Amino acid sequence: MLGAWIQSKYLKQKDLKVKYSSNQPFPHTVLRDFFNPQKIEWVRSALLKEKFVRKESDLFSFYQTRLDSSSSKNPVLKEFHSFFSSKEFLSFISKVTNTRVSSIDMSGFCYGNADHLLSHDDRLEGRKIAYVVNLTKDFTEKDGGKLSLFETKNNTPTKIVKSYLPTFNTLFLFTVSKKSFHQVDEVLSPKPRLSFGGWFHG
Amino acid sequence: MASLTNQVYLAEETITAMRDEFLKNGFIQLSDFLTQSFFSQCLASVQKSSFTKKYVPDRFSFSEAKIPAEISKLLTSKQFADFVSSIVGKKLSLKNLKILSFSHKDYTLLHDNLKGYSGFDLVFDFNTIDESCGGFTSYVRNGQEVVRIVPIANALTLIKRRKDMLSFVKYVNHRSEKSRIFIHSNWC
């Protein structure tokens with residue numbers, strides 16, 4: 001199952017583990033060109049057909065669609081969810097992050113023009129590893145929408161020290177902790193910023 | 001005060017109507033509050049003020065300045081205190097009088113250490129900002145928005161606060177051509 005979904009270069013897990021824990025400002029990694037190209041195209045097309053709900057608060061503005069094993073009728077998304085929650089993939093994530101994970105939750109997100117998610121650490125009981133599957137196409141610097149990571153002092157975020165453009169077919173992973181402050185920079189263009197995101201739970 | 005503010009708001013029957021509206025809704029927004037000439041004078045002073053940036057990423061991002069003398073003189077006058085008291089039904093004794101500026105990328109967030117209070121907020125806006133640009137003040141109770149104050153230039157807004165009510169200023173996005181600049185104060 002792993003070989004069908006993930007590019008073969010990512011099946012050498014030992015190297016990835018080293019790159020993960022030592023990354024600053026907190027353990028994270030970006031796995032580029034991660035999924036099977038054909039499968040991830042199908043996932044993107046299927047996500048675009050889902051029903052999104054507008055979400056607004058002090059912290060964020062975006063569109064969201066929750067996905068669990070029964071919520072979507074779309075066979076591609078069902079298969080994608082099953083793969084993400086499969087023992088093989090959970091074991092892969094555990095090895096990459098050096099953290100034991102046993103279940104997931106998953107939502108699809110679409111950030112429109114001016115949408116954003118401000119600084120927060122993601123901490124909530126059970127959340128071990130946060131993930132983002134980027135399905136955005138053709139984003140450049142001027143489109144905004146980067147995932148930005150904060151440096152912290154006494155577990156309070158102080159400034160952005162790293163930013164990642166949402167590049168198609170990347171898997172972003174980070175360990176949820178008192179230091180894991182991050183944000184999605186405001187989208188500055190009408191291009192939709194599409195992703196799946198959620199957490200691997202312990 | 002009479003020479004600086006809109007005469008309409010000082011008429012006895014208007015005060016009665018404003019009091020009724022405040023009692024009913026828990027807030028009131030009085031547009032064209034200052035005379036045009038005094039508003040222009042205040043705006044010019046505010047624009048010359050020296051603002052200091054306040055930034056704690058998971059709490060807030062905005063700039064703050066001292067309140068110009070001519071505005072402070074009006075807001076701390078006995079006549080203004082009597083006027084506001086006649087609307088909200090509680091003696092005005094302003095605390096934390098300051099001018100805040102929210103430009104593109106500024107915001108405040110709700111967090112666990114934020115404490116509500118039983119009392120009143122006073123807000124006076126210097127710029128009109130469309131709701132789609134953010135920058136509005138949202139008052140929430142039990143996670144639900146109960147009042148949203150969208151900035152209107154030269155509007156005085158009074159809001160009744162309850163202990164279980166918190167507020168935040170929504171992130172100002174790139175659509176906004178102006179900063180939201182306003183006086184904020186409260187009293188219990």
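The values are calculated or read from the model by the stated rules, or taken from the named source; none is laboratory data. Please read these numbers as outputs of a predicted model, since none were measured by experiment. FYI the Cβ positions are ideal-geometry reconstructions off the backbone, even for glycines, and counts take in every protein chain you see.
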With the requirement that a residue be at pLDDT 95 or above and over 16 Å from the mean Cα position of the chain (by Cα), what does the stretch B:104-115 give you? B:His104, B:Lys105, B:Asp106, B:Leu109, B:Leu110
Which of (1) closer than 30 Å to B:Val172 by Cβ; (2) in contact with a strand residue (DSSP E or B) (Cβ under 9 Å, 6 or more places away or on another chain) does A:Phe200 not meet, given it meets every other one? (1)
Please enumerate the residues belonging to the stretch A:102-133 that are of a type in the set (A, V, I, L, M), buried (at least 21 other Cβ atoms within 10 Å of the Cβ) and away from every other protein chain (no Cβ under 14 Å). A:Met106, A:Ile129, A:Val132, A:Val133
Index of the failed condition, A:Asp138 passing every other in (1) part of a loop (DSSP other than H, G, I, E, B); (2) more than 14 Å from chain B (Cβ to nearest Cβ); (3) touching a Ser or Thr at 6+ places or on another chain (Cβ under 9 Å): (3)
In the stretch B:52-94, residue surrounded by the fewest Cβ atoms within 10 Å (Cβ to Cβ) [restricted to those that are closer than 30 Å to B:Asn173 by Cβ and among the aromatic types (Phe, Trp, Tyr)]: B:Tyr55
Any chance A:Gly126 is at pLDDT below 95 and small (Gly, Ala, Ser): yes
In the stretch B:10-66, anything free of Cβ contacts under 8 Å to residues at least 60 places away in the same chain and of a type in the set (Gly, Ala, Ser) is listed as B:Ala11, B:Ala17, B:Ser37, B:Ser40, B:Ala44, B:Ser45, B:Ser49, B:Ser50, B:Ser61, B:Ser63, B:Ala65
Say whether the condition of being within 14 Å of another protein chain (Cβ to nearest Cβ) and closer than 29 Å to A:Thr156 by Cβ is met by at least one residue in the stretch B:175-183. yes
Lone qualifier among A:Phe172, A:Phe168, A:Phe200, A:Phe196 - being outside any strand (DSSP E or B), more than 12 Å from chain B (Cβ to nearest Cβ) and within 12 Å of the chain's Cα centre (by Cα): A:Phe168
Which condition breaks for B:Ser72 when tested against (1) free of Cβ contacts under 8 Å to residues at least 40 places away in the same chain; (2) closer than 30 Å to A:Lys153 by Cα; (3) outside any loop (DSSP other than H, G, I, E, B)? (2)
Taking the condition modelled with pLDDT under 95, among the charged types (D, E, K, R) and under 21 Å from A:Leu48 (Cα atoms), does A:Asp138 pass? yes
Looking at the stretch B:27-77 only, could you name the residues that are closer than 15 Å to B:Asn154 by Cβ and among the charged types (D, E, K, R)? B:Asp32, B:Glu70
Test B:Glu13 against the stated conditions and say whether it is part of a helix (DSSP H, G or I) and loosely packed, with under 12 Cβ neighbours inside 10 Å. yes
Please go through the stretch A:141-155 and give me each residue that is away from every other protein chain (no Cβ under 14 Å) and touching a Lys or Arg at 6+ places or on another chain (Cβ under 7 Å), ordered by number. none
